[in-house]
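Below you'll find the structure, written out as structure tokens, and then a few comments.
Every read-out reported here was derived from the displayed coordinates using simple, explicitly stated rules and does not represent laboratory data. This structure is a prediction, so every number in the text was calculated from the model and none was measured. Here the Cβ is made from the backbone with ideal geometry for all residues, glycine too, and neighbour counts use every protein chain on show.
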Amino acid sequence: MHTIRSSRNFPSFNAKVQKVINNVVNCGKKWYIFVSDSKEPSNVKNLIGMYECKVDAKGRLMLPSGLKKQLAAELQEGFVLKRSVFNTCLELHTLKEWNGLMAEVNQLNRFVKKNNDFIRRFTAGVRMVEADATARIQIPRDLINFAGIEKQLVLASVGNIVEVWDKVQYEKVVNDSELDFGALAEEVMGNPSKTAADD
């Protein structure tokens with residue numbers, strides 16, 4: 001982190017650094033400008049991997065070793081399991097990630113009806129789940145029914161969460177021939193109006 005004891009512009013900082021000035025504090029007769037270093041590591045845990053698993057008759061799921069290693073620090077804290085907003089699958093959140101997400105949700109004005117309606121639907125069926133000594137978690141019956149989970153399922157890492165799919169449903173979604181993934185990738189990630197200076 002850089003500290004600049006002046007209110008003037010400093011040409012020694014390039015345009016990208018100038019854009020990340022995130023706080024200006026007037027302290028006495030001097031200005032203190034704090035510039036965030038964009039190279040600082042992110043606290044977001046990006047999970048990796050897709051795993052095929054089985055769920056037993058009681059809804060118990062054994063976390064695969066690949067996920068156990070990545071989530072070793074979170075196993076003792078427990079997880080949050082909820083319905084997906086856009087798909088018929090479930091989302092497994094670490095407690096830290098969920099608390100950060102809810103901090104954003106809680107900023108919504110609850111005196112606006114559509115905000116209240118969104119929060120109610122977004123948190124419907126949310127469950128705290130804990131891993132036992134063998135890294136098993138139990139999926140509640142209502143969430144199993146929502147996702148249409150039979151016996152074979154897929155745990156798909158998607159950024160900082162894990163999606164829990166019935167295997168048949170997952171394969172239908174990822175193999176959807178009507179979706180032009182190349183066009184979608186270009187639209188989402190290849191915006192020609194976005195330049196390096198905008199980052």
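For PHE86, PHE181, PHE122, the sequence from fewest to most other C-beta atoms within 10 Å is PHE86, PHE181, PHE122.
With viscosity 1.567 mPa s and temperature 4 °C, the Kirkwood radius over alpha carbon pairs of region 50-174 converts through Stokes-Einstein to a diffusion coefficient of 85 µm²/s. In terms of surrounding Cβ atoms within a 10 Å radius of their Cβ, ARG127, ARG110 rank from fewest to most as ARG110, ARG127. Computed from backbone phi with θ = phi - 60° and the Karplus coefficients 6.51, -1.76 and 1.60, the 3J(HN,Hα) list for region 172-178 is 5, 5, 6, 9, 4, 6, 7 Hz; x is used for glycine and proline.
The local environment of ARG121, defined by Cβ-Cβ distances under 12 Å, has a net charge of +3 under the rule Lys, Arg +1 and Asp, Glu -1.
Put in order of Cβ neighbour count within 10 Å, fewest first, the listed residues CYS53, CYS89 become CYS53, CYS89.
For the residue pairs LYS58/LYS172; LYS45/LYS114; LYS96/LYS172; LYS69/LYS167; LYS68/LYS167; LYS45/LYS113, alpha carbon separations beyond 29 Å are given by LYS45/LYS114; LYS96/LYS172; LYS45/LYS113. Residues whose amide H falls under 5 Å from that of ARG60, counting only those 5 or more places apart or on a different chain, are ILE139, with hydrogens built in the peptide plane.
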